[in-house]
1. Work through the residues other than Arg179 whose Cβ is under 12 Å from its Cβ and net out their charges, Lys, Arg +1 and Asp, Glu -1.
2. Rounded to a whole number, what % of the accessible area of segment 71-155 do carbon and sulfur atoms account for, probe 1.4 Å?
3. Roughly how many debye, to the nearest 20, is the charge dipole of the chain about its Cα centre, given +1 on each Lys and Arg Cβ, -1 on each Asp and Glu Cβ, and no other charges?
4. So which chymotrypsin sites (Phe, Trp or Tyr not before Pro) in segment 71-165 are both in a DSSP loop and have at most 11 other Cβ atoms within 10 Å of their Cβ?
5. Kindly write out, for segment 70-80 in residue order, the coupling ³J(HN,Hα) from the Karplus curve 6.51 cos²θ - 1.76 cosθ + 1.60 (θ = phi - 60°), rounded to whole Hz, with x marking Gly and Pro.
6. Using a 1.4 Å probe, what is the accessible area per residue for segment 1-148, in Å²?
7. Under a straight-distance cross-link criterion of Cα-Cα below 16 Å, which aspartates and glutamates are reachable from Lys90, leaving out those fewer than 8 residues away in the same chain?
8. For a quick check, take a GNM of the chain with Cα springs below 10 Å and name the residue from Ser67, Ser160, Ser33 with the largest mean-square fluctuation.
Amino acid sequence: MRIVAGFAGSLGLAVPKSGTRPTSDRVREAMFSSLEAMDALHGIHVLDLYAGSGALALEAVSRGAASAVLVEQSAQAASVCRANAAALMKAAAKAGGDMRPAIDVRQSTVGSYLAHPGTRSVGLVFIDPPYDVDEQELSRVLAALELWLAHDAVVVVERSARSPEPVWPATLEPFRSKRYGETAVWFAQPAAPSQPA
């Protein structure tokens, strides 16, 4: 497991011993190629839900995101996230320049964390839940994002290719999906406000 590109490219990442399903380098590379083509990374604030090793958020920071919050319920996985974040911050210091990213790891359930929106709008959200998170819970998480998102935010949902497409709330519009072997990735954005009749 490693950072694919950016100032921390090739940095090795620790992975929790159990309970997580790390995104492969191939899928991450394709996902981030799409995000960079949309100019959806530079200077934005990232929220990584069900963070696991934190690889998705840390990849975003390596490629130019200004800050990231990694939300992970497991104490073991949250500890791995903190170690990986510290390694990334060392790489940022070595890279020099004006790179001063901020990375915060929160050991919390996703539902509890989302119940208290912050004051900073989030430009990119990663949702890569464990297999035991059902479609109803995923729908609740997607709906809870409404108060968190910048108007031009991107939400990326990663699931097993055998899972159905997420049930999107009216506040989100999917605009792209891609399958990579056993993995399916959906991209969505905040829905345009409806115009009065």
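The values are calculated or read from the model by the stated rules, or taken from the named source; none is laboratory data. Please read all numbers here as calculations on a predicted model, not as lab measurements. Positions of Cβ are backbone-derived with ideal geometry, glycine not excepted, and every protein chain shown enters the neighbour counts. For accessibility, only protein heavy atoms count, side chains too; no ligands or nucleic acids. Shrake-Rupley method; radii C 1.70, N 1.55, O 1.52, S 1.80 Å.
1. Values: positive: Arg159, Arg162, Arg176, Lys178; negative: Glu158, Glu165, Glu182.
Combined, the nearby Lys, Arg, Asp and Glu give +1.
2. Values: 2300 of 4500 Å².
The value for segment 71-155 is 51 percent carbon and sulfur by accessible area.
3. Values: 18 positive and 20 negative charges, 120 e Å.
Charge dipole of the chain: 580 debye, to the nearest 20.
4. Sites meeting the loop and neighbour criteria: Tyr131.
5. For segment 70-80, the Karplus-derived couplings read 9, 10, 8, 6, 6, 4, 5, 5, 4, 5, 5 Hz, x marking Gly and Pro.
6. Values: 6700 Å² over 148 residues.
Accessible surface, normalised per residue, equals 45 Å².
7. Lys90 reaches Glu59, Asp98, Asp104.
8. Ser33
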